[in-house]
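We did not get these values from a lab; they are worked out from the coordinates using the rules stated. All values reported here derive from a predicted model rather than from experimental measurement. Backbone-built Cβ (ideal geometry, glycine too); neighbour counts: all protein chains shown.
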Amino acid sequence: MKMKTPNFLKNKIVLYVVLVLAITNILGFLNNKDFESLTFFIVIGLLSTYFSKNMTINLLIAIIATNVVFASKSVYEGMKGRKKRKRKKSKEKYTQRNIPKSKPKNVGRDERIGERVDYAATVEQAYDNLSEMLGKDGVRGLTSETKKLVDQQKELMGNLKDMGPLIKTAQSAIKSMPQLGEIQKMMAPLQGTLAKLKGGKK
């Protein structure tokens, strides 16, 4: 027994309205790069042609099925996102609870009025952030490297202190040497003798 199709579904104006809706849906899927919904829309449209030859019915089935399935999916994803945001907010509240609040104190009249920085809390917070980023072993490694560097600097300073007397001796030796002009005067007779020797060989 065949079902009778209502007359308004055979109307060309209704067909054009449904066609415009279908094209709008397809363009929306392409704009959002939602190829999953687009594929589902096409598959449902093709499958519905096996049951009815009326294009209005086929397009309406594809539009309604796609929107129902993917609207429920987006609602489900929205609920997931809301749960994640709630968890994130509760984590932020928990972490903010652990940070001690510092209040500025006025020490003298000359001091400027305004916000004061609690250096101890700031340094402690920075160290906590560093240990979170590097991990406990990372901080230990950093500390040991720093100690090695300090030891090397101490050793270098010791070596420089040992070289101090040597540098002083070299300076005094340079000061006691004759000046450059006197050295040239001493070398002048030697140069003359060398010139005579060369001349005699010719």
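Restricted to the stretch 23-71, and to residues there that are free of Cβ contacts under 8 Å to residues at least 12 places away in the same chain and among the β-branched types (Val, Ile, Thr), the residue that is farthest from PRO6 (Cα to Cα) is THR39. Number of residues in the stretch 12-44 that are small (Gly, Ala, Ser) and within 14 Å of LEU60 (Cα to Cα): the value is 1.
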